[in-house]
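Single-structure report; data block below.
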Amino acid sequence: MADEERTAVLERTKEIITGDKGAIVKIDEWGKRRLAYEIKDALDGVYYILYFEATVKTLDEVTRVLGITDNVLRFMPIRHERPFGALQPAAATASGAEQA
């Protein structure tokens, strides 16, 4: 998948979350890694972990969109048992880094 396609999928996911009053807490980009087994004729994949707070309706929409997106091989929503607490939303962290 090209960088533009990856960016478009990530941006679309962020729009869904923030558009329904959700908050993106943190985004970890793990980069390109070899898959444990072949998925849809692919041997490598790019991994992202998105930590976000949202309603059940928003999570359902994110799941639906990622499920029908051809460029997404796998995704797994997991509920974090404890609140994120002291972590700041990703936008606040990015703006703080720009000021430093």
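The values are calculated or read from the model by the stated rules, or taken from the named source; none is laboratory data. Computed from a prediction, not measured in an experiment: that's the story for all the values here. Ideal geometry is used to build each Cβ from the backbone, glycine not excepted, and the neighbour counts take in all protein chains shown.
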*Within the range 52-66, identify whether any single residue is outside any loop (DSSP other than H, G, I, E, B) and touching a strand residue (DSSP E or B) at 6+ places or on another chain (Cβ under 7 Å), and answer yes or no.*
yes
*For the range 49-100, what are the residues that are modelled with pLDDT of 65 or more, under 20 Å from GLY31 (Cα atoms), out of contact with any Phe, Trp or Tyr (no Cβ under 7 Å at 6 or more places or on another chain) and surrounded by 13 or more Cβ atoms within 10 Å (Cβ to Cβ)?*
LEU50, PHE52, THR69, ASN71, VAL72, LEU73, PHE75
*Out of (1) surrounded by 11 or more Cβ atoms within 10 Å (Cβ to Cβ); (2) part of a loop (DSSP other than H, G, I, E, B), the odd one out for ARG12 is which?*
(2)
*So which of GLU15, GLU38, GLU29, GLU5 ends up being among the acidic types (Asp, Glu) and farther than 18 Å from LEU73 by Cβ?*
GLU15
